[in-house]
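Down below is the structure, laid out as structure tokens.
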Amino acid sequence: MIQHLDKEYIKLTQMGKKHLYNKTNLGMYRSLKKCLLIMYNERYENIFRIIVKSYVRYKKHGYSGMIQRLDKEYIKLTQMEKNHLYNKTNYAKWIEINEQKFYQTEPLEYTPLISIITPVYNTEVRYLKEMIESVLVQTYSNWELCIADDASTETETLKTLQYYEKRYKNIKITYREKNGHISQASNSALSLAKGEYVAFLDHDDTLAPNALYEMVKKLNENPKLKLIYSDEDKIDENAKRYNPHFKSGWNPDMFFSQNYICHLVFLKKDVVDTIGGFRIGYEGSQDYDLLLRSLHVVKDDEIDRVEKVLYHWRAIEGSTAYGSNEKAYAHEAGLKALQDYFLDTDKQIIVEDGLLPNTYKVNYPIPSLPPLVSLLIPTRDGYEILSKCIESIREKTLYPNYEIIVLDNQTTCPQTLAYFEKIKCHENVTILKYDKEFNYSAINNFGVRHAKGKIIGLINNDVEVINKGWLTEMVSHAIREDIGAVGAMLYYDNETIQHAGVVLGIGGVAGHSHKYFPRDADGYFSRLKIIQNYSAVTGACLLVRKSLYEEVNGLDEKNLKVAFNDVDFCLKLLEKGYRNLWTPYVELYHHESVSRGQEDNQDKIKRFNKEVAYMQKRWFTTLKTDRYYNRNLTKIHENFGVNINE
């Protein structure tokens, strides 16, 4: 819809109606765009609400008052916490649209036995029955439910187990004489398992009717898979569904920050046997520990997901699903499991608590002789923003080994030229002249050829460093051999988020994750507070090894002179097998496009649309499916909203 509106607007300007092309009408155009997005978002409710509100505001406060109201509504729309896309009503609409064919199945060539592992202890009978019944109604029939009762004392719990055990041959139960907690009980259930794959089901949770079928269907598509996981949601005491978690594809750095995989999981039985099942002493995060240890024998290309809600996690008081603070011991157990994992891979890696409960921060070592980082800053004039950028780097950077290369693109401002003279006396500051027309890609490629560092930093002249450890944090990831580009958290001046990773497909090419969210927001399932992989990060603040920059031939100065060159660059790294990474532990302000200005004339819009077309042709398949996003999430907004029939 918005792309069509853009095309129509450009068509209009090309008809000679130049009087439309002034700041006032551009402002009206942008406001109309916002208005249409709000109307689209409210299409199931009162679609004309914003029109009425805007008119009332206009009559009372004039044009500027109306625009202020519209801007406020638009920012509100982009914030997940205040966005009605996330309430139960809209999730119910998603369910109606996407779950109409639960019971429709096709014959599968490969039909392995699936062993469902469930430890039970004094489970409330109604929840226990719901759990078992959800297994019995599975559309896939080759399963066994392996239950270990952990010495329950509740008579009704035991009677219920005995009832189902007698009536169904594929429900196998062992009754432990002594309570051993969840790890020992799970191992007892595992001892009953004969399947090729094991699945894990908590005693009060439920499966979707098509859960096993969809997971086995994925195995038929790729038989070499050893670990599969699905999307999930929560259910309350009355089995009402809410809070869906539409997960990223395999995202190693996110997994090292939190157990985002959670439920439903299929794991190859021989992998579980190889690593010795569940470990005692990790109760509360025993599943996280099991999965971490499985990574020693499971390769990245043997992991996949099913983008369907197949598991319903019971959120009742006392459960982790109810709130991350409900089981503090789970956090400590997860931290211990993660520390153990890295002790086996690199003893220099330090794991500590993350910014939120049940999240963690992995700190990677930097050599005793830190590599030189070349920070490239293209600029033309712009004394105010450039000086703020450079002084913030010089005053707030703890990392000891860096050089600043200012790429002077035809500066004429006397104040800026005088500033060049002032700063070039510093040993680690160089001014290089680039006397050609503005081409962001070409300017940076020019700078890289003159850079001495093993690591390249692409830095916009309109950013301002906030935290002193920013460069140390970025370098610690950039030197990791499997990592490509490293990106940062960028804020607008009004303390809302400008960049927190790039999501492919939004707006036709790509959009910024969580744009306009408040600075203190946690984001979609804590994604604003954890290190993770994204398909791309913005070039406004990006670090990458010089060898990789050269390996992918740098930025595309022919086809992407201004826009999307950073996204294209990151996708080239992804294509080569490197993972791009974003970290919230690097914070800068971004006074966006102050020096270059907006796309506000016909030539710029023509160039921009040409770059859009190039990206859509070059990366057609990649842009359609972002491996670190989810098809059930919106590609209209940048707020991780639910995709309702887009």
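The values are calculated or read from the model by the stated rules, or taken from the named source; none is laboratory data. Small disclaimer: the values here were computed from a predicted structure and weren't measured. Note that each Cβ is placed from the backbone with ideal geometry, even for glycine, and that neighbours are counted across all protein chains shown. Note: accessible area is taken over every heavy atom of the protein model, side chains too, but ligands, DNA and RNA are not part of it. Shrake-Rupley method; radii C 1.70, N 1.55, O 1.52, S 1.80 Å.
Sort through L528, L490 and tell me the only one that's within 28 Å of I636 (Cα to Cα) and either part of a strand (DSSP E or B) or without any contact (Cβ under 8 Å) to a residue 40 or more places away in the chain (or both). Before the answer, list the steps.
On the way: L528 fails: either part of a strand (DSSP E or B) or without any contact (Cβ under 8 Å) to a residue 40 or more places away in the chain (or both).
Selected residue: L490, the only one of L528, L490 that is within 28 Å of I636 (Cα to Cα) and either part of a strand (DSSP E or B) or without any contact (Cβ under 8 Å) to a residue 40 or more places away in the chain (or both).
Residues S152, S186: which one is open to solvent by less than 70 Å² (accessible area, probe 1.4 Å) and within 37 Å of the chain's Cα centre (by Cα)? Spell out the reasoning first.
Numbers: S152 fails: within 37 Å of the chain's Cα centre (by Cα).
Exactly one residue qualifies, and that residue is S186.
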Output for region 432-454, where each listed residue is among the polar types (S, T, N, Q) and open to solvent by 10 Å² or more (accessible area, probe 1.4 Å) = N439, N445
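I'd like the full set of residues that are part of a helix (DSSP H, G or I) and of a type in the set (S, T, Y), limited to region 536-574.
Initially, region 536-574 is screened for residues part of a helix (DSSP H, G or I), giving 546-551, 565-574.
If the condition is that a residue be part of a helix (DSSP H, G or I) and of a type in the set (S, T, Y), then S547, Y549 are the ones that fit.
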Take the residues in region 517-560 that are crowded, with 22+ Cβ neighbours inside 10 Å and of a type in the set (F, W, Y), then tell me which one is farthest from T496 (Cα to Cα).
-> Y549
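Against the definition (open to solvent by 10 Å² or more (accessible area, probe 1.4 Å) and modelled with pLDDT under 95), how does Y242 come out, yes or no? Don't jump to the end; show me each part of the working.
Working: open to solvent by 10 Å² or more (accessible area, probe 1.4 Å): yes; modelled with pLDDT under 95: yes.
Judged against the criteria, Y242 is a match.
For the subset of region 97-125 comprising residues that are in a helix (DSSP H, G or I) and out of contact with any helix residue (DSSP H, G or I) (no Cβ under 6 Å at 6 or more places or on another chain), which member is farthest from T157 (Cα to Cα)?
Pass one, region 97-125, residues in a helix (DSSP H, G or I): 97-98, 125.
If we keep only those that are out of contact with any helix residue (DSSP H, G or I) (no Cβ under 6 Å at 6 or more places or on another chain) as well, we get 97-98.
On the way: I97: 37, N98: 35 Å.
Only one residue tops the list, namely I97.
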Check V271 against each of (1) more than 20 Å from F525 (Cα to Cα); (2) assigned to a loop (DSSP other than H, G, I, E, B) and name the one condition it does not meet.
-> (2)
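Residue by residue, here is whether (1) open to solvent by 20 Å² or more (accessible area, probe 1.4 Å); (2) closer than 16 Å to H477 by Cα; (3) of a type in the set (A, V, I, L, M, F, W, C); (4) modelled with pLDDT under 95 holds:
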site	(1), (2), (3), (4)
T359	no, no, no, no
I366	yes, yes, yes, no
K396	yes, no, no, no
N409	no, no, no, no
Q415	yes, no, no, no
Say whether the condition of being farther than 28 Å from V465 by Cα and either modelled with pLDDT under 95 or open to solvent by less than 50 Å² (accessible area, probe 1.4 Å) (or both) is met by at least one residue in region 589-601.
-> yes
Note on I385: of the conditions (1) touching a residue at least 40 places away in the same chain (Cβ under 8 Å); (2) closer than 30 Å to R449 by Cα; (3) open to solvent by 30 Å² or more (accessible area, probe 1.4 Å); (4) part of a helix (DSSP H, G or I), unmet is (3)
